[in-house]
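Peer 1: Take this structure first; my questions come after.
The values are calculated or read from the model by the stated rules, or taken from the named source; none is laboratory data. Just so it is clear, the model here is predicted, and its values are computed rather than measured. Glycine gets a Cβ as well: all are built from the backbone with ideal geometry, and neighbour counts include every protein chain shown. All accessible areas refer to the heavy atoms of the entire protein, side chains included, with ligands and DNA or RNA removed. Shrake-Rupley method; radii C 1.70, N 1.55, O 1.52, S 1.80 Å.
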Amino acid sequence: MFLVLLSPIIAAIPLLMETRLTVPISAQTLDAAGEKIKAAVAAGAEALELRVDYIKTLTVELATTLIDQTRQITDLPLIITCRDKKQGGANNHPTALRLDVLVAAVRAGVEFIDFEYANFLATENREVIEKALAEHSHCRLIISAHNFKTTFENISSLCRDIETVYPAAIPKLAYKVNHINDCFEAFDLLEAKTRRAIIFCMGPAGSVSRIIAKKLGSVVTFASLDAADATAPGQLTIGEFKQFYRFDAIDTDTQLYGVIADPVGHSLSPHIHNACFAAAGMNKLYLPLWVAGGPDQFDEFMDHILGRKYLGFRGFSVTIPHKADALEYTKARLGFVEPLAEKIGAANTLIITADGRLKAYNTDYSGALDAIASAMGIDWQGLKDIPVALVGAGGVARAIVAGLADVGAKVKIYNRTLKKAETLAAEFDCESAGLDQLKNLDAKLVINCTSIGMHPKVDATPIPAEYLKSDMVVFDTVYNPAETLLLKQAAQIGAKTIDGVSMFVNQAAAQFRLFTDSPPDTTLMRKTICNWRIG
Ligand code: NAP
């Protein structure tokens, strides 16, 4: 019966045309709320959610006073939420009071009220809300369901159930994910419900869904004022949304990129690439993609991505622990693999072409070779027959050894674990030795590929100063700090030095060219890295 009655209302109520960046105001007093509202407006909030359940001494009068007070500060759209404690509410307010508050909010002219689906199913609750909304057609009802532990059993049917019980509702579905791979059903539903639902994933593994929400047309996405003010796990701050993730620039056509890593929080790549996309005015956004686990989780993630053209992912940086997985995945999907990436056994860049094909590259070795060649004033071919001493036999060493061997340099690998140096050397036709042999160092080019000297242990060096000579070129791949003890001591005796930031910038620059077919602003890249380096 109510379905029929509501039909004209659905047509009459306009929806927000853009995803509103909404800041929940979760204060215990009106004064504190006032401060937060002012701060949210100043930070660029596009809607406010007044979480009146946070007010311990809540009354209908207090709630309406808060709405009046907010209206004096801003005319942003308001969502009034008085959440049930069982569904994440801050206090145990009785249902009757919560309903009275919502009805008063509707009468006070707010744009949205939010009520829990579980409670809306009770006829006595539903009738109260339906009556208030029928008398005030400006207000829309958000019917929300949360799962703070895991995914919903069937999110699509839950959404359908909400729409069936109240067709004019905006379903809000939020669930906790423990892995990024659990976000994709939320993306699918949001894509199907563009501008008619609010859907996102909670928890650190789901943070990315809050950003993608704008591209997919969620009615709102929530941002906290600051990290301490978050009302749900994984919520990003309004500053992160605006400055870092370029919220204002995202639209349905935005092409997505990202760094796939585990962990991903420390990665500088989002800072670098987003700064360059913004400077170039490109409708592209770069995201940190926390793909926890090994090859199986990586493959599942990539299957999700390739199966969803609507997401608009066009490229990835890939780092620890997934570089080998990226290469194997591309080979298994019969994509293009750069020959040297194949030889290195690792890809740090994936491209998805417009027709959905996969291409894998390694820009680590090319970034290093570019840094060396540029500092020495030669091209790559000029490295032929140059004697190189390279310390380390891990992932970065492998990429650089492959690149140097490919251009014919004479490389000797020194490593703490001699066996690893021997194995790497055998593969690329180089020599090997233990670290004790560094005393006989005799090379034109010296490269550190270990983590020795990296922040916070900046007083350590992989090569004692007395083994360095003034005619050497010394390259330290460590980029935090840029000027390591090794480079300081090399510079002191007049040797030429190359820092790890150069390699980092070069590999990111090569990725940017693969992503965009355009030259990057490498000065901006270097500046961004130096501003964001820890320590
Ligand atoms: P990895 O695979 O873990 O290899 C680490 C290497 O360092 C191994 O050879 C290891 O020797 C050696 N090592 C570590 N601690 C040591 C110590 N206390 N004494 C002697 N040797 C030690 O790491 P990776 O991925 O190759 O990265 C190595 C470094 O490269 C990073 O720390 C980072 O600073 C730098 N990096 C630079 C860039 C750039 O673009 N500039 C990019 C990525 C990484 P064992 O084999 O004996 O364990």
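Peer 1: Any chance you could run the full-extension gain for A42 through D355? It's 0.36 nm times the residue separation minus the Cα-Cα distance, nm to one decimal.
Peer 2: The span from A42 to D355 would gain 108.4 nm if fully extended.
Peer 1: Ignoring ligands, DNA and RNA, what percent of the accessible area of the chain is carbon or sulfur (1.4 Å)?
Peer 2: 52
Peer 1: Aspartates and glutamates within cross-link reach of K420: Cα-Cα under 13 Å, excluding same-chain residues under 8 positions apart?
Peer 2: E431
Peer 1: Calculate the length of the line joining the C-alpha centroid of segment 13-86 to that of segment 396-428, in whole Å.
Peer 2: Measuring centre to centre over Cα atoms gives 60 Å.
Peer 1: Set the Förster radius R0 to 45 Å, insert the Cβ-Cβ distance between D303 and D226 as r into 1/(1 + (r/R0)^6), and round the FRET efficiency to 0.05.
Peer 2: FRET efficiency, D303 to D226: 0.75.
Peer 1: Could you pull out the trypsin sites (Lys or Arg not before Pro) across segment 321-398 that fall in loop regions by DSSP (anything but H, G, I, E, B) with no more than 13 other Cβ atoms inside 10 Å?
Peer 2: K384
Peer 1: Further, regarding this structure: Taking the Cα atoms only, what angle lies between the long axis of helix 295-306 and the longest principal axis of the chain, rounded to 10 degrees?
Peer 2: Value to nearest ten degrees: 60.
Peer 1: Could you give the length gained on full extension between V458 and A134, defined as 0.36 nm per residue of separation minus the Cα-Cα distance, in nm?
Peer 2: 109.9 nm
Peer 1: Cα to Cα, under 20 Å, and not fewer than 8 places away if on the same chain: which aspartates and glutamates meet these conditions relative to K284?
Peer 2: Here the aspartates and glutamates satisfying the reach criterion relative to K284 are E18, E191, E240, D248, D251, D253, D355, D517, D521.
Peer 1: Here's another thing I want to ask about it. Quick one: 3J(HN,Hα) in Hz for segment 422-429, Karplus 6.51/-1.76/1.60 with θ = phi - 60°, rounded, Gly and Pro as x.
Peer 2: Going residue by residue, I get 5, 5, 5, 4, 4, 5, 10, 6 Hz, with x marking Gly and Pro.
Peer 1: Quick check for you: which residues of segment 364-395 have the amide N under 20 Å from the point 7 Å beyond the Cα of E427 toward its beta carbon?
Peer 2: 364-369, 388-395
Peer 1: Using the charge dipole of the chain (Lys, Arg: +1 at Cβ; Asp, Glu: -1 at Cβ; taken about the Cα centre), state which of V60, A326, P481 has its Cα farthest towards the positive end.
Peer 2: Projecting each Cα onto the dipole axis, the largest value belongs to P481.
Peer 1: Set Lys and Arg Cβ to +1 and Asp and Glu Cβ to -1, take the dipole of the chain about its Cα centre, and tell me which of G88, Q243, N154 lies farthest positive.
Peer 2: Farthest towards the positive end: Q243.
Peer 1: Rolling a 1.4 Å sphere over the protein heavy atoms, what is the accessible area per residue of the chain, to the nearest Å²?
Peer 2: Heavy-atom accessible area per residue stands at 41 Å².
Peer 1: Pulled fully out, how much extra length does the chain show between A332 and D471, if you take 0.36 nm times their separation in residues and subtract their Cα-Cα distance?
Peer 2: Between A332 and D471, full extension yields 45.4 nm more.
Peer 1: Okay, next question. To the nearest 500 deg cm²/dmol, what mean residue ellipticity at 222 nm is calculated for the chain from DSSP H runs of n ≥ 4 alone, each contributing -39,500 (n - 2.57), summed and divided by the residues?
Peer 2: Result for the chain, helices only: -12000 deg cm²/dmol.
Peer 1: If you project the alpha carbons of the chain onto their three principal axes, what span does each projection cover, largest first, in Å?
Peer 2: Principal axes ranked by extent give 87, 48, 38 Å for the Cα atoms.
Peer 1: In sequence order, what are the phi-derived ³J(HN,Hα) couplings for segment 202-215 according to the Karplus relation 6.51 cos²θ - 1.76 cosθ + 1.60 with θ = phi - 60°, rounded to whole Hz, with x for glycine and proline?
Peer 2: 9, x, x, 5, x, 3, 4, 5, 6, 7, 4, 3, 6, 4
Peer 1: Whole angstrom only: what separates the Cα centroid of segment 105-128 from the Cα centroid of segment 235-285?
Peer 2: About 36 Å separates the Cα centre of segment 105-128 from the one of segment 235-285.
Peer 1: While we're here: Taking the Cα centre of segment 383-493 as the origin and placing charges on Cβ (Lys, Arg +1; Asp, Glu -1), which of C430, A443, V391 is farthest toward the positive end of the dipole?
Peer 2: My answer, from the dipole projection, is V391.
Peer 1: Would you mind classifying segment 3-252 by shape? Square roots of the alpha carbon gyration tensor eigenvalues, ordered a ≥ b ≥ c; an a/c under 1.5 is rounded, otherwise it is prolate if a/b is larger than b/c and oblate if not.
Peer 2: Note, shape of segment 3-252 comes out rounded.
Peer 1: A223's amide H: which non-local residues (gap 5+, or another chain) put their own amide H closer than 5 Å, with H modeled 1.01 Å from N in plane and none for Pro or chain starts?
Peer 2: Here T22, V23 satisfy the definition.
Peer 1: Treating the beta-carbon of each Lys and Arg as +1 and of each Asp and Glu as -1, no other charges, what is the dipole magnitude of the chain about its Cα centre, to the nearest 20 debye?
Peer 2: It comes to approximately 320 debye.
Peer 1: Per residue, what volume in Å³ does the convex hull of the Cα atoms of segment 434-535 enclose?
Peer 2: Convex hull of Cα atoms, per residue: 118 Å³.
Peer 1: At 7 Å along Cα-to-Cβ for each site, give me the label-to-label distance between E127 and D296 in nm.
Peer 2: Output for this residue pair reads 5.3 nm.
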